[in-house]
Amino acid sequence: MASVTFKNINKKFGDLTIIKNLNIEVQDKEFLVLVGPSGCGKTTALRLLAGLEEITDGEIIIGDRVVNDVAPKDRDIAMVFQSYALYPHLSVYDNMAFGLKLRKTPKEDIKRRVTEAAEVLGITDLLDRKPRQLSGGQRQRVAVGRAIVREPKVFLFDEPLSNLDAKLRVNMRAEISKLHQRLKTTFIYVTHDQTEAMTMATRIAVINKGDLQQLDTPQNLYDQPNNLFVAGFIGSPSMNFFPAKLVKSGDKINVDTGDFQVQIPSKLNATYKDYVGKDVIFGIRPENIHDPEYAPQNISGQGVAAKVDVTELMGNETLLYLVSGKNTFVARVDPRSKLRVGNSPQVVFDMGKFHIFDAATEKAIR
């Protein structure tokens, strides 16, 4: 098994910089997810690690070996691509065994590895089929199996679930997480889907425009985002943002959006006193805005007048799209809520769970 280190990695295509001074240490047996919008450089980082792209500056270290000049086949990694890339004329068994045959692995060893991988993935009864006889999920399992049989130090996954339907993606997320637990090896996984990242990762690296924005556990990213980008990217529906000023009223500090004001808990006054009179961005997640009828009793609640513009009844929850003056925002409320389009409630903001960002730097103020 092996750790992986990206050390001061830069990647340019001509004058275009794709990755800027990337530094990440992936621990042995960790499940690290690289997440960010399309074009942010996450797949390029994976391809640099695999040796499929050349590094402009910096070092990639696998275990204790710098691999910049090591050929892809000698890096002891295995990669699962977005496209399954199966040979259509070969059986599942032969697809999984193909790489081992090229390495002149003994036949008995090939049979053992393929059989064991097929059992782990639940595809033992598919070994004689051709890819055209398989569903999308089965093909994805075969592609993963082809990586498993190599018994690499590091597994790389490049958006492997993006071609699957929503229900199958959920199932395959669970399968890949279980696979990580069984194999106890290092997984590095690329996705633009923050739900995949949150549900699968040990840690998440959030990347935007080639810059690492934050590297942390899923819960810490969600609860304590470093900046506006991370706060908006992690979470679905995403965090609500309101341009605002901090204003002082006696011994209170209020967030003034121009359409409503909410008070910051007095115990946090010291944190925000230097920002009084300055432009900030006030953030609050949809689940921290409540229907007043079902607001929890133990929160630091502040009422905000709003009008219900759209409702989405999800069964286990209700999403309210609300308008307050020029501000629009989303609340995730109790499914028993009776609020409907046209209602004008005083929704309750939980001021024990809010975020404030510097409007100029977009960094979180804590």
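The values are calculated or read from the model by the stated rules, or taken from the named source; none is laboratory data. Please read all numbers here as calculations on a predicted model, not as lab measurements. Every residue, glycine among them, receives a Cβ derived from its backbone with ideal geometry; neighbour counts consider all protein chains shown.
Some observations on this one:
- Counting the residues of the range 353-365 that are part of a loop (DSSP other than H, G, I, E, B) and either surrounded by 13 or more Cβ atoms within 10 Å (Cβ to Cβ) or in contact with an Asp or Glu (Cβ under 9 Å, 6 or more places away or on another chain) (or both) gives 6.
- Considering the range 1-22, the residues that are in contact with a strand residue (DSSP E or B) (Cβ under 7 Å, 6 or more places away or on another chain) and assigned to a loop (DSSP other than H, G, I, E, B) include one that is farthest from residue 65 (Cα to Cα), namely 1.
- Leading residue by the ranking (surrounded by the most Cβ atoms within 10 Å (Cβ to Cβ)) among those in the range 32-46 that are in contact (Cβ under 8 Å) with a residue 60 or more places away in the chain and of a type in the set (Ser, Thr, Tyr): 43
- Residues within the range 320-361 that are of a type outside the set (Lys, Arg) and in contact with a Leu (Cβ under 8 Å, 6 or more places away or on another chain), tallied: 13
- Given (1) more than 11 Å from the chain's Cα centre (by Cα); (2) closer than 15 Å to residue 26 by Cα, index of the condition residue 227 fails: (2)
- Flag for residue 69 being loosely packed, with under 13 Cβ neighbours inside 10 Å and more than 28 Å from residue 161 (Cβ to Cβ): yes
- Comparison of 215, 183, 228 shows that the only residue that is closer than 22 Å to residue 365 by Cβ, surrounded by fewer than 21 Cβ atoms within 10 Å (Cβ to Cβ) and aliphatic (A, V, I, L, M) is 215.
- Boolean, residue 167 is charged (D, E, K, R), closer than 25 Å to residue 63 by Cβ and surrounded by fewer than 20 Cβ atoms within 10 Å (Cβ to Cβ): no
- Residue match in the range 130-141 (condition: over 28 Å from residue 25 (Cα atoms) and under 18 Å from the mean Cα position of the chain (by Cα)): no
- Scanning the range 280-299 for residues that are surrounded by 13 or more Cβ atoms within 10 Å (Cβ to Cβ) and either in a helix (DSSP H, G or I) or over 30 Å from the mean Cα position of the chain (by Cα) (or both) yields 286, 287, 288, 292, 293, 294.
- Set 325, 303: member being small (Gly, Ala, Ser) and under 27 Å from residue 366 (Cβ atoms): 303
- Yes/no for residue 170 being within 28 Å of residue 234 (Cα to Cα), part of a helix (DSSP H, G or I) and of a type in the set (A, V, I, L, M): yes
- The selection criterion, being crowded, with 22+ Cβ neighbours inside 10 Å and touching a residue at least 24 places away in the same chain (Cβ under 8 Å), does not hold for residue 132.
- Within the range 47-76, residues that are among the polar types (S, T, N, Q) sit with their Cβ atoms under 7 Å from residues that are in a loop (DSSP other than H, G, I, E, B), at 6+ positions apart or across chains, in these pairs: 68/55.
- Residue in the range 114-124 that is at pLDDT below 95, assigned to a loop (DSSP other than H, G, I, E, B), surrounded by 18 or more Cβ atoms within 10 Å (Cβ to Cβ) and of a type outside the set (S, T, N, Q) present: yes
- Residue check, residue 261 of a type outside the set (D, E, K, R) and in contact with a Ser or Thr (Cβ under 9 Å, 6 or more places away or on another chain): yes
- Near pairs, Cβ below 6 angstrom, 6+ apart or cross-chain, from the range 81-107 (farther than 17 Å from residue 127 by Cβ) to any residue that is surrounded by 12 or more Cβ atoms within 10 Å (Cβ to Cβ): 81/158; 82/158; 82/159; 82/162
- In summary, strands (runs of 3 or more DSSP E) completely within the range 184-279 and bearing 3 or more residues that are out of contact with any Lys or Arg (no Cβ under 6 Å at 6 or more places or on another chain) occur at 186-191, 203-208, 211-216, 240-249, 252-256.
- Those residues of the range 310-352 which are touching a strand residue (DSSP E or B) at 6+ places or on another chain (Cβ under 6 Å), farther than 21 Å from residue 273 by Cβ, aliphatic (A, V, I, L, M) and not in a strand (DSSP E or B), in sequence order: 339, 341
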